[in-house]
Amino acid sequence: MIAETIILLASQASQANKLEHFVFIGSTLKSNPALKEDLSQFQDMLSYTPIFPDKGAYAGSLGAFNVGWEAEHSQNRQ
């Protein structure tokens, strides 16, 4: 039901802006292949291309913070 809600909202936004690609990000997708599959299953019916970036878990503010923190701490070790 979560995937269906996400797809319905994304499809409304894409129709209003004439978009064909949906980029799905967030750490929830990293460990949830069932959600990825559910988000992809409507692509034929709604004509969109789902994109799941490899580092999509780091696209949010906490993910960006984590990348910055790791970079800072790795520099201190060198």
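The values are calculated or read from the model by the stated rules, or taken from the named source; none is laboratory data. The shown structure was predicted, so the numbers you read here are calculated from the model rather than taken from an experiment. Note: ideal-geometry Cβ built from the backbone for every residue, glycine included; neighbour counts use all protein chains shown. Ligands, DNA and RNA are excluded from the accessible area calculation, which covers all protein heavy atoms including side chains. Shrake-Rupley method; radii C 1.70, N 1.55, O 1.52, S 1.80 Å.
Can you list which of the trypsin sites (Lys or Arg not before Pro) found in the chain are DSSP loop residues with at most 10 other C-beta atoms within 10 Å?
Hits after loop and neighbour filter: K18, K55.
Taking only Cα atoms and a 10 Å spring cutoff, compute GNM fluctuations for the chain and point out the largest among G26, G56, G68.
Of G26, G56, G68, the Gaussian network model singles out G68 as fluctuating most.
Per-residue ellipticity at 222 nm for the chain, helices alone: DSSP H runs ≥ 4 residues times -39500 (n - 2.57), over residue total, nearest 500 deg cm²/dmol?
So the calculated ellipticity at 222 nm is -18500 deg cm²/dmol.
If you roll a 1.4 Å probe over the chain with all protein chains in place, what percent of the accessible area is carbon or sulfur?
55
If every alpha-carbon in the chain counts as one equal scatterer, what log10 I(q)/I(0) does Debye give at q = 0.11, 0.18 1/Å?
Values returned for q = 0.11, 0.18 Å⁻¹ are -0.37, -0.76.
Might you work out the accessible area of E37 for me, using a 1.4 Å probe with all protein chains in place, and round it to the nearest 10 Å²?
Ignoring ligands and nucleic acids, E37 comes out at about 130 Å².
Which net charge results for the neighbourhood of I7, defined as the other residues with beta-carbon distances under 15 angstrom from its beta-carbon, given Lys and Arg at +1 and Asp and Glu at -1?
Once all neighbours under 15 Å are counted, the net charge is -4.
Whenever you get a sec, line up F65, F24 from highest to lowest accessible area (probe 1.4 Å, protein heavy atoms).
The ordering from most to least exposed comes out as F65, F24.
Accessible area per residue for the chain in Å², computed with a 1.4 Å probe and the full protein assembly in place, what is it?
Dividing the accessible area of the chain by its residue count gives 78 Å².
Counting only protein chains, not ligands or nucleic acids, how are S40, S14, S27 ordered by accessible area (probe 1.4 Å), most first?
Of S40, S14, S27, the descending order of accessible area is S27, S40, S14.
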